[in-house]
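The values are calculated or read from the model by the stated rules, or taken from the named source; none is laboratory data. Keep in mind it's a predicted model, so treat the numbers as computed, not measured. Neighbour counts are summed over all protein chains in view; Cβ atoms, including those assigned to glycine, are modelled from backbone coordinates with ideal geometry.
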Ligand SMILES: C[S@@+](CC[C@H](N)C(=O)[O-])C[C@H]1O[C@@H](n2cnc3c(N)ncnc32)[C@H](O)[C@@H]1O
């Protein structure tokens, strides 16, 4: 089991459950090893003792038609945070554009339950989005952008984020239906890309998710 542990699972006892008490259940979703040893993973209580594949299948049955893409040409450190938030909102797939490698630390093991797809460049991502009937919305505070706070986001949607420094590439913005900006009021030119992704994902959730289906 130790090989399956991640950053949020190192300090056993902080959350989770011990070995299953009583007769062993025969539900195939349960993992015999977790039943025997306890389950300290970073999963909601409803998934305690479940096999990873069973958890993924359960989320798959109710994932949102929302996709997230982040450009990764300079090895962006925010991707882990984006993946963790995408997992929390049952996003369909997180698309990494550019470099294949990314720092998984911020994902806190949530990438195990999240579909991920790599695209070598923006063009491949845009072609994939068209083929899958997704409308691309870039998120950045560049000139000509429309306020995310009042924009109507498409339901079948791919939200595309840029990196620290360059921001969303011109090619990505040209291929998007629109670019949405998050209103700012202080001195900084921009906010952290992982934080921006969380705000934008939640904007989509407020418009399209069935809140009665949340945990
Ligand atoms: C740190 S920003 C860098 C680019 C920014 N355009 C600039 O002028 O510095 C990195 C990414 O975070 C997101 N982001 C940061 N602040 C944002 C805002 N106020 N509105 C929309 N997106 C934002 C965008 O996806 C952006 O590409």
Requested in this report: Report yes if residue 198 is farther than 15 Å from residue 66 by Cβ and either touching a helix residue (DSSP H, G or I) at 6+ places or on another chain (Cβ under 7 Å) or at pLDDT 95 or above (or both), otherwise no.
Outcome: no
Query raised in the report: Does the stretch 147-183 hold any residues that are in contact with a helix residue (DSSP H, G or I) (Cβ under 8 Å, 6 or more places away or on another chain), within 11 Å of the ligand (Cβ to nearest atom) and closer than 21 Å to residue 120 by Cα, and which are they?
Result: 159, 160, 161, 162, 163, 164, 169, 172
Requested in this report: Give the stretch 86-106 a look and list any residue that's part of a helix (DSSP H, G or I) and modelled with pLDDT of 90 or more, or say none.
Outcome: 86, 87, 88
Query raised in the report: Of all residues in the stretch 174-215, which are closer than 15 Å to residue 146 by Cβ and not in a helix (DSSP H, G or I)?
Result: 176, 177, 178, 179, 180, 181, 182, 183, 184
**Report entry** Enumeration of residues in the stretch 85-94 that are crowded, with 22+ Cβ neighbours inside 10 Å and touching a helix residue (DSSP H, G or I) at 6+ places or on another chain (Cβ under 6 Å)
**Finding:** 85, 94
Query raised in the report: Has the stretch 124-134 got any residue that is farther than 20 Å from residue 206 by Cβ, away from the ligand (no atom under 15 Å from the Cβ) and modelled with pLDDT under 95?
Result: no
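A quick yes/no check of all residues on (1) under 11 Å from residue 172 (Cα atoms); (2) assigned by TED's automatic domain parsing to the domain that holds residue 197; (3) assigned to a helix (DSSP H, G or I); (4) touching a residue at least 12 places away in the same chain (Cβ under 8 Å):
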{"residue": "123", "(1), (2), (3), (4)": "yes, yes, yes, yes"}
{"residue": "127", "(1), (2), (3), (4)": "no, yes, yes, no"}
{"residue": "137", "(1), (2), (3), (4)": "yes, yes, no, yes"}
{"residue": "143", "(1), (2), (3), (4)": "no, yes, no, no"}
{"residue": "151", "(1), (2), (3), (4)": "no, yes, no, yes"}
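Could you tell me which of the residues 104, 84 is under 8 Å from the mean Cα position of the chain (by Cα) and in the same structural domain as residue 160 (by TED's automatic domain parsing)? Give the steps one after another, and end with the answer.
Numbers: 104 fails: under 8 Å from the mean Cα position of the chain (by Cα).
Selected residue: 84, the only one of 104, 84 that is under 8 Å from the mean Cα position of the chain (by Cα) and in the same structural domain as residue 160 (by TED's automatic domain parsing).
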